[in-house]
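**Q** My questions will all concern the structure given below.
The values are calculated or read from the model by the stated rules, or taken from the named source; none is laboratory data. Only a predicted model underlies this, so the values are computations on that prediction, with no experimental measurement involved. Please note: Cβ atoms are built from the backbone with ideal geometry, for glycine as well, and neighbour counts cover all protein chains shown. Accessible surface is based on the protein model in full, side chains and every heavy atom, while ligands, DNA and RNA are left aside. Shrake-Rupley method; radii C 1.70, N 1.55, O 1.52, S 1.80 Å.
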Amino acid sequence: VIRALGHTHNLVKTPAKAATETSPGNSEYYYCNKCGKYYSDAQDKNEIQKNSWIIPAKGKGGGSTKTPVPAKAGKQLTDPVTKAKVTVVSSNKKNPTVAYKKISSSSAKTVTIPATVKIGGVKYKVTEISKGAFKGKTKITKVTIGKNITKIGAEAFSGCTNLTTVSGGAAVKTIGAKAFYNCKKLKAAKLGSKVTSIGASAFYNCKKLTKTPVGSNVTSIGDKAFFNCVSLATMTLPAKTAKLGKQFAKGTKSLRTLTVKNKNLKAKNIAAGAFDGMGTNKTIVKVPQGKKTSYTKLFRNKGLNKKIKLK
């Protein structure tokens, strides 16, 4: 630990590694995980640029450099900059990808999942957050999701009880089961409009959540996805939402307005009890023009309180 004016560096050492015929090496360097600066010495006297420590692979034939090859799918790697663990999803040479598996620090409060990582001379897109990647990390309060993430795995943030804000994630399409289970302080999860499916119990017991990440492209909402989200005041089910899980809104006593935009909801795609316990007699359900009669019958059969009006 090095003290500097107005700041105490927390320097993490990366030992020197010799380059081989096929793999690059690196000189010794130090990374401050507080301010994000790099140094060539432990005394923080010589600041250096990111990746300046890389020593090219020797290659065959007297110093020629061979193009680095992505690791095989399933291989676990370590980001040399942040020390985070990732798993190779695709070893395609033109578009190698990895899943973010584990952060290096157990005490981190804010986490930024990068769009890319460079490991062994190969630049990988970070396209997934692995199952249980941050499960039980109770110190985390804020997460920023990189622009290439398309999938948030099951239980990815389950039990992050102090997590309040999730931002970024413009490319996210799938939110896995229990992805944010019991994140009881989560107030906002802004994940863009590309989300198509929300897994079972994805936001179960997110008591502070005031707005659902149900964008215009969501087609299915799993069982109990918003169970016990007691702060939700409004919810919109877009035109593409055709599948509703069992009791997805149970516990949302605060819900005052539910807007349903799909004109072709089918009983077979709505679970028994899907609307059970939703809202109060002051709640209003807005449905497409001409669907009030048929949807009243349908929703009542699926658990909607008879005192709740459709309009």
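**Q** Which whole-Hz ³J(HN,Hα) couplings does the stretch 78-93 yield from phi under the Karplus relation 6.51 cos²θ - 1.76 cosθ + 1.60, θ = phi - 60°, glycine and proline marked x?
**A** In residue order, the calculated couplings are 10, 5, x, 7, 9, 6, 5, 8, 9, 10, 5, 9, 10, 9, 4, 4 Hz.
**Q** Once both axes come from the Cα atoms, what is the angle between helix 292-301 and the longest principal axis of the chain, in degrees from 0 to 90, rounded to 10?
**A** The angle comes out near 80 degrees.
**Q** Given (i) 38, 20, 16; (ii) 48, 22, 13; (iii) 42, 24, 19 as candidate values of semi-axes √(5λ) of the Cα gyration tensor in Å, which corresponds to the one derived from the coordinates?
**A** Matching entry in (i) 38, 20, 16; (ii) 48, 22, 13; (iii) 42, 24, 19: (ii).
**Q** Next up: Go ahead and run the numbers for FRET between LYS282 and SER167, Cβ-Cβ distance against an R0 of 41 Å, rounding to 0.05. Let's see the in-between values first.
**A** On the way: r = 32 Å, r/R0 = 0.78.
Efficiency computed from Cβ-Cβ geometry: 0.80.
**Q** Obtain the nm distance between the two label points defined at ASN305 and ASP41 by a simple spin-label model: each point lies 7 Å from its Cα along the Cα-to-C-beta direction.
**A** Using points 7 Å along Cα→Cβ, the separation is 7.0 nm.
**Q** Using the heavy atoms of the protein chains alone and a 1.4 angstrom probe, what is the accessible area of the stretch 197-277 per residue in square angstrom? Write down the numbers at each step before the final one.
**A** Numbers: 3270 Å² over 81 residues.
Spelled out: the 1.4 Å probe surface of the stretch 197-277, per residue, equals 40 Å².
**Q** Hey, another quick one. With every protein chain left in place and a probe of 1.4 Å, what is the accessible surface of ILE55, to the nearest 10 Å²?
**A** Probe radius 1.4 Å; accessible area of ILE55 about 70 Å².
**Q** Grab the DSSP H runs of the chain that are 4 residues or longer, score each as -39,500 (n - 2.57), total them, divide by all residues and round the 222 nm result to the nearest 500 deg cm²/dmol. Walk me through the intermediate numbers first.
**A** Working: 1 runs with 10 residues, N = 311.
Helix contribution divided over all residues of the chain: -1000 deg cm²/dmol.
**Q** Shifting gears a bit: Cross-link partners among aspartates and glutamates for LYS45, C-alpha distance below 19 Å, same-chain residues fewer than 8 apart left out?
**A** List returned: GLU28.
**Q** On to the next question. Quick check: with the 1.4 Å probe, what order do SER220, SER52 take by accessible area, largest first?
**A** Ranked list, largest accessible area first: SER52, SER220.
**Q** What list of ³J(HN,Hα) values in whole Hz, one per residue of the stretch 188-198 in order, does the Karplus curve 6.51 cos²θ - 1.76 cosθ + 1.60 (θ = phi - 60°) give from phi, with Gly and Pro shown as x?
**A** 8, 9, 8, 10, x, 9, 8, 4, 10, 9, 10
**Q** Given LYS147/LYS194; LYS187/LYS253; LYS151/LYS250; LYS101/LYS243; LYS17/LYS139; LYS142/LYS250, which pairs have Cα atoms separated by over 22 Å?
**A** Numbers: LYS147/LYS194 12 Å; LYS187/LYS253 17 Å; LYS151/LYS250 26 Å; LYS101/LYS243 30 Å; LYS17/LYS139 33 Å; LYS142/LYS250 27 Å.
Too far apart for the 22 Å limit: LYS151/LYS250; LYS101/LYS243; LYS17/LYS139; LYS142/LYS250.
**Q** Now a separate question. As an exercise, use a Förster radius of 30 Å and the Cβ-Cβ distance of THR234 and THR116 to find the FRET efficiency, rounded to the nearest 0.05. Could the numbers behind the result be given before it?
**A** Details: r = 36 Å, r/R0 = 1.22.
That gives a FRET efficiency of 0.25.
**Q** Which FRET efficiency value, to the nearest 0.05, do you get for LYS13 and LYS123 by plugging their Cβ-Cβ distance into 1/(1 + (r/R0)^6) with R0 = 22 Å? Let's see the in-between values first.
**A** Numbers: r = 24 Å, r/R0 = 1.09.
Calculated transfer efficiency: 0.35.
**Q** Would you mind checking which residues have amide H under 5 Å from ALA200's amide H? H placed 1.01 Å from N; only 5 or more apart, or other chain.
**A** Under 5 Å from the amide H of ALA200 lie the amide H atoms of ALA177, LYS178, GLY222, ASP223, each far enough along the sequence or on another chain.
**Q** Quantify, in whole percent, the carbon and sulfur part of the accessible surface of the stretch 105-217 (1.4 Å probe; protein heavy atoms only). Before the final figure, lay out each step's value.
**A** On the way: 2240 of 4700 Å².
The nonpolar share, carbon plus sulfur, comes to 48 percent.
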